[in-house]
Each structure stands twice: as C-alpha cells, then as structure tokens.
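Peer 1: Have a look at this one before I ask anything.
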Amino acid sequence: MNRRTLVTTAFALVASLAFVLAAINASGSGGAASPRTKITLVAPAAPGGGWDAFAREGQQAMRINGIAGGVQVVNVPGASGTIGLGQVVGMGDRHDLLLVTGGVMLGGIILNDSAVSLDDTVPIARLADDFNVLVVPGDSPFETLEDFVAALQNDAGGTAIAGGSLGGIDHLLAGMLAAESGIDPQTVNYIAYPGGGEVVTSLLSSTAAAGLSGYNEFRDQIDSGNLRALAISAHEPVEGIDVPTFREQGVEVSMSNWRGYVAPPGITDEVYDELVAMVTELRATEEWTDTLERNNWVDSFMVGDEFADFIRDESDRTEAIVRGLGL
Amino acid sequence: MTQIEPHTTGSLRVQRLPRWYTGVSEMIIVAGVLLLTVGIVVGSLSAFILIMPLLGWLLASTLLFWVISWAFGSTRPVFDVGVAALMAALIQLAFSAGLGLSLPPGILEGVFSWIN
C-alpha cells in the first residue's frame, strides 16, 4: 500500500466516521419542537429580585443536570410582572418558554387592570414559597408587633410602611395588617419601592417607620442588627427563620409569596408533558434542594390541575382582599 | 497559430479553441463561464433552501458543498463528496456539542432511534 492510498483511506475513514456520528446526532435531535433542546426562562422582573433569583437558580440546576440543552434567563421588568406576562401570552404557541410567576403577579394583574391574566397561560408548576417579614430599623421604638400596631392605630398617616410594588404581597399585607388592627386600610401610608433593596435604604434613612419585603431581602440587615424583624407572614412558623408569625402574635394575617412557572397558551399536549417532566426533574435535583435551603424557601411543589386550581383560588382570594381593602 | 494547451475554467472545460477564435471572443467565453458558475451557485443555494426542511441539514448541505465545489471547477468528485460530508458533519456536531442547538434532522430524524 503506497502512501497516497494510505492517506486517501484514512481521509475516507475519518469522513465516514464523522458523517455517521453526525447522522446519529441528527437522528436523536428529535425535531425542533422539544423544550429540551433550548428553553428560555422569562423573569418578569429586574435582575436582583426574587423572581430573577428564582429563574437563575432554576437555570443553574437545569444546566448542571442537563435537563435542557440550553437554558437562558430573560428579564422583562415592569408593572408587577404583568408586562412580562403580556409578552409571554402574546408568544402564542412558543414551546421553548417558561414564565416565572407568583403571588405578586396576581395582585399586580388586578391593580394594573391588566388586559391579560394567568387564565391566559398554561400553569406548569408551583415550586417554592417565600415569606415576607415586617421589619423596623434597629433603633426603632417599636420592640414588638404590638407596639407597632398601637402606633399604627394612633397615627396611621405618620407611620409610613415601605414595601414592594402596588398590589404585591407587601402592599396586601400592609392592608390586611391595617384591617386586622381596626384601621381603614386606605389611611395606611404605604410607600411602594421597586425592590427590597430600596426598602432597606428607606428604613435606614428613616423615611419609613417599618418595611415589608421578602425575608431574604432583609436577612443580612436583620443578622447585623440594623433591622429588627417583628413578624413573618407564614401560616406556621418556618424552620430556620427565627421570627414569630403574625398569627402567633394574635394578628390573623398570613400570606405566602409562592413562585412557579407557567407556559404560553398555545402549547401542545406533548410540550406540556415535557415541561411538567422537566420542572419535576428540576425539583428533584440536589442543586434545587440546596437553593431552597440557602434562600429559606419552602418546597410547595404542585403541578398540573392541582396548580391550576390553586392559581384560581389564590386569584379569587387576592381579588377579594384587594376589593376589601379598597385599593 | 501556436498550439494552445487545453485548460480548465470552471465547470466548462475548453479543450480546443474554435476556428473563429480571436482575442476578443475569449472575453465572451470567460464571461459566460463566470455567469454559468454564478448561476449554478445561486441555483444550488435556492435548491438547498427548498430541500433543507425535507432532507435535513446533514444531507442537504453535503449536497450543496459538493455541487458548489464542482461549480468552482473541482475535477475530483469523489474526493469532494468526502470533504463535503466531513464539513457538514463537523458543523452538525459543533452546533450540537458546542452550542446545544440541533440543526434540522430532516429525514434522518429517528433513523437511529435504537442508538439514541
């Protein structure tokens, strides 16, 4: 065998091998309509917030465990998430999208008179619950929830409460707290900020007397003593968080900030099954367990019809609260 | 008239210059060959766009690369098939492994389902 034949044979072998491998690869790629290939998680909030963290933690766990070929997070901030919701609903039958949603969006839809609602999406799964805390500055005269409620009753207008966007969990909590304390919710001086970071700033600069936001937003400041946590919005005490609930202190207020995923309205049954399977796999990963622990999120996994029913109930409940509070 | 060597210009092979050959007509021949080459390239690209959804990336682009190398004047069709197949295969694998994107599989979809 001369040199030329040898080179030719080697080339033919390499080319055939590459071709066969590529053909097997093409055969397995199973068409373009699977969310496994590439998925986009839409976080309807600015980077740094709760929904963004939720999406990015999910992205990380999906990527490490190969749940999808490519995972990217897109932020669509604004109007309590309803801008992102509108965009996703407008995507129609896109099979490679999941929208992060949660309790905050329900209030946002009602308060913003949003043209689209979660009824226009396909619920996939609820993954985690987060709780909000009522905090006061470290040097505040309010030592307990009781002190604060007394101050609120005396001078609702002068006892400003800082929190997240209008219609969000924080806003509803402030209204519920007022109603429970026997004050007209509309007299509450609620100052809305885009996120927990701004709430901390307004507390430390004494702009507001108290603040409401997710526990994680305040955790560092609570640990360092700059803020004092008076109550947490959980129904039952949360393991790992050393803050008494509102209910434990005799105020019947509880509300969880749940988070989950919904898909665009036009997806096929196959895509739906695949998305549910992917989120179920995500929840079972070690990384996700670690995420829950690190953020003090409570696993509240729920899929399919159960989740759809849950959204409907929560939606009605939120609407009742918003109307009841006259917001 | 001096003997002119047979020479190759693209897909047209001019073996022997015609009797009516003048310096000027050579221009016309070269222009014609160029136009023909451009025509073949444009035609095969259009055909590629049409058959890509059916055949899939791997087969359609192998065919495209092969036809274009011929249009550009290659005289080794068997070798060209090898190069075309190798290129198409490497691009397919690079997209899949490097970018996590799958190119359209076309008729190859599910052919090797017993391996996948």
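Peer 1: Would you mention how many residues in the stretch A:62-87 are farther than 25 Å from A:Ala192 by Cβ and touching a residue at least 40 places away in the same chain (Cβ under 8 Å)?
Peer 2: 5
Peer 1: Tally up the residues in the stretch A:168-188 that are surrounded by fewer than 20 Cβ atoms within 10 Å (Cβ to Cβ) and either among the charged types (D, E, K, R) or assigned to a loop (DSSP other than H, G, I, E, B) (or both), please.
Peer 2: Qualifying residue count for the region: 5.
Peer 1: A:Ile24 - would you say it is buried (at least 18 other Cβ atoms within 10 Å of the Cβ) and in contact with a Phe, Trp or Tyr (Cβ under 6 Å, 6 or more places away or on another chain)?
Peer 2: Spelling it out, it is not the case that A:Ile24 is buried (at least 18 other Cβ atoms within 10 Å of the Cβ) and in contact with a Phe, Trp or Tyr (Cβ under 6 Å, 6 or more places away or on another chain).
Peer 1: Let me ask something else. Every residue in the stretch A:98-140 that is in contact (Cβ under 8 Å) with a residue 40 or more places away in the chain, surrounded by fewer than 24 Cβ atoms within 10 Å (Cβ to Cβ) and of a type in the set (S, T, N, Q), please.
Peer 2: Residues satisfying the conditions are A:Asn112, A:Ser117, A:Thr121, A:Ser140.
Peer 1: Still on this structure: Considering each residue of the stretch B:45-62, count those that are more than 14 Å from chain A (Cβ to nearest Cβ) and either modelled with pLDDT under 90 or within 12 Å of the chain's Cα centre (by Cα) (or both), and give that number.
Peer 2: 3
Peer 1: For a quick check of your reading: which strands (runs of 3 or more DSSP E) sit entirely within the stretch A:224-327 and have at least 2 residues that are more than 16 Å from the chain's Cα centre (by Cα) and either touching a residue at least 40 places away in the same chain (Cβ under 8 Å) or under 30 Å from A:Asp147 (Cβ atoms) (or both)?
Peer 2: Ranges flagged: A:227-232.
Peer 1: Also, quick follow-up: Which of the numbered conditions does B:Ala97 fail, given that it passes all the others? Conditions: (1) more than 8 Å from chain A (Cβ to nearest Cβ); (2) closer than 28 Å to B:Ile40 by Cα.
Peer 2: (2)
Peer 1: Another one. For the stretch A:204-223, how many residues meet the condition of being within 16 Å of A:His171 (Cα to Cα) and either more than 20 Å from the chain's Cα centre (by Cα) or among the small types (Gly, Ala, Ser) (or both)?
Peer 2: Going through the stretch A:204-223 one residue at a time, the tally reaches 6.
Peer 1: From the list A:Pro123, A:Pro141, A:Pro194, which residue is assigned by TED's automatic domain parsing to the domain that holds A:Asp220 and in contact with a helix residue (DSSP H, G or I) (Cβ under 9 Å, 6 or more places away or on another chain)?
Peer 2: That would be A:Pro141, the only listed residue that is assigned by TED's automatic domain parsing to the domain that holds A:Asp220 and in contact with a helix residue (DSSP H, G or I) (Cβ under 9 Å, 6 or more places away or on another chain).
Residue-by-condition table, conditions (1) hydrophobic (A, V, I, L, M, F, W, C); (2) surrounded by fewer than 24 Cβ atoms within 10 Å (Cβ to Cβ); (3) in contact with a Gly (Cβ under 6 Å, 6 or more places away or on another chain):
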{"residue": "A:Asn154", "(1), (2), (3)": "no, yes, no"}
{"residue": "A:Leu166", "(1), (2), (3)": "yes, yes, no"}
{"residue": "A:Tyr190", "(1), (2), (3)": "no, yes, no"}
{"residue": "A:Gly211", "(1), (2), (3)": "no, no, no"}
{"residue": "A:Glu236", "(1), (2), (3)": "no, yes, no"}
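Peer 1: Among the residues that make up the stretch A:70-86, is at least one of them among the small types (Gly, Ala, Ser) and either farther than 30 Å from A:Pro123 by Cβ or within 14 Å of another protein chain (Cβ to nearest Cβ) (or both)?
Peer 2: Checking the stretch A:70-86: at least one residue is among the small types (Gly, Ala, Ser) and either farther than 30 Å from A:Pro123 by Cβ or within 14 Å of another protein chain (Cβ to nearest Cβ) (or both).
Peer 1: Across the stretch B:100-116, what is the number of residues that are among the aromatic types (Phe, Trp, Tyr) and at the interface with another protein chain (Cβ under 7 Å from one of its Cβ atoms)?
Peer 2: Residues that pass the stated criteria total 1.
Peer 1: Filter the stretch B:63-92 for residues that are more than 25 Å from B:Val38 (Cα to Cα) and either more than 10 Å from chain A (Cβ to nearest Cβ) or crowded, with 18+ Cβ neighbours inside 10 Å (or both) and give the result.
Peer 2: Listed by number, the residues that qualify are B:Ala89, B:Gln92.
The values are calculated or read from the model by the stated rules, or taken from the named source; none is laboratory data. On a predicted model such as this, the values are computed, not experimentally measured, just so you know. No Cβ is skipped: glycine too gets one built from the backbone with ideal geometry, and neighbour counts run over all protein chains shown.
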